């Protein structure tokens, strides 16, 4: 009986010792303010908490409706909890002599405000269900709700590493960022008052902490997402044309000719694409097709036809027989170009597939470069007069014509700027350079001429246009 009582007493004493040691750890700060229903626990044991009381590492805090608490740690970090909030003070290490350590807070749900203390800024992080916040000398407010968090920056800068590993920067005071548990990010965007509601309270909750300079009127955007749009503009092109003409009826060899021209036209069409933002860098791809009314016409000529005629060869001046021995014979002389043709070149439609790389110079202005493949619907025609040489016919002329429709490929490169009016509406102005190198073959058949022609085109196109885009 005495032994049993002794064992019970020993067990009770040990339990009391362990319980006492749990509460006897060194505090990491104080509760500077506690209002209404605020509960605390440490190692699953309830702890009393009141204004001026101590707080400890691993302490778990829960606030009720219309309740809040502000904690001040040993390194002067301020951490506030609003109504219906829950957080755990996971880790606090602090060396006051060196000003170094580690502060980690787990924010489970609710509204919070965080102000970094005297430690190195890289030593602070706030863990949430949607990602981890790394602060850089920062004051910010935080909403943790089901499926997402909202971070509202008051001063300084921070980054959020999402659950998908994406790192998103928030470095303009007066802007907020929404991060979903599935990794999707919205913002940054400005706020000047209430962003949303939580538990019958506004967010940001600690309104008195917001500086007047936070009232930003410019709408900001996030460049991640897909879009469709329409574009309109004008284009100017230059081209050079090398033509080779040959004919089986001709006594002359194949002839070549060269011409160049400048052309212009109206351009309009539609486009669609998607972009993905990595910090200030935005990468994406897009496709488009539209009307391009460029046309040009040049005259090309080449070769030389020979006129044959009956006459007296030099030095004869006329007459027959005699000591001079002059007799009329078949003579020849160059008389002009073998062919004079009109070459028309038209671009009726242009499609492009491009890769874009941009940099957000401002939160709502993007500068980008782009390049990719160009496909163009083209039409060419060739027609004119061909004059043939013949020993049996003094000369003969024929009118010929042919046309060729062709889808040709080339490359494009360009640059532009895009401005976001809202989260879903943007406009851009851009320059695009296209290079096309098609070749066309023509065949001609007529009563007097059986010929063939090949034209090689080097066409450059310069387009300046504006586009209106709608994101979704």
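The values are calculated or read from the model by the stated rules, or taken from the named source; none is laboratory data. Quick caveat: nothing in here was measured; it's all calculated off a predicted structure. Here Cβ is always computed from backbone atoms with ideal geometry, including for glycine, and neighbour counts include all displayed protein chains.
Observations, loosely collected:
- Considering 349, 336, the condition of being modelled with pLDDT under 70 and in contact with a strand residue (DSSP E or B) (Cβ under 9 Å, 6 or more places away or on another chain) is satisfied by 336 alone.
- Among residues of the stretch 83-94 that are free of Cβ contacts under 8 Å to residues at least 12 places away in the same chain, those with a beta-carbon under 7 Å from a residue that is surrounded by 20 or more Cβ atoms within 10 Å (Cβ to Cβ) and in a strand (DSSP E or B) at least six positions away or on a different chain give the pairs 93/101.
- Test set (1) crowded, with 19+ Cβ neighbours inside 10 Å; (2) in a strand (DSSP E or B) - residue 93 fails condition number: (1)
Conditions (1) touching a strand residue (DSSP E or B) at 6+ places or on another chain (Cβ under 6 Å); (2) in the same structural domain as residue 122 (by TED's automatic domain parsing); (3) buried (at least 17 other Cβ atoms within 10 Å of the Cβ); (4) in a loop (DSSP other than H, G, I, E, B), marked per residue:
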site	(1), (2), (3), (4)
31	yes, yes, yes, no
34	yes, yes, yes, no
61	yes, yes, yes, no
65	no, yes, no, yes
76	no, yes, no, yes
102	yes, yes, no, no
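Quick grid of which residues meet (1) at pLDDT 85 or above; (2) closer than 21 Å to residue 115 by Cα; (3) surrounded by 14 or more Cβ atoms within 10 Å (Cβ to Cβ):
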| position | (1), (2), (3) |
| --- | --- |
| 185 | yes, no, yes |
| 190 | no, yes, yes |
| 195 | no, yes, yes |
| 210 | no, yes, yes |
| 214 | no, yes, yes |
| 223 | yes, no, yes |
| 243 | no, no, yes |
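- The single residue among 174, 165 that is modelled with pLDDT under 90 and out of contact with any helix residue (DSSP H, G or I) (no Cβ under 8 Å at 6 or more places or on another chain) turns out to be 165.
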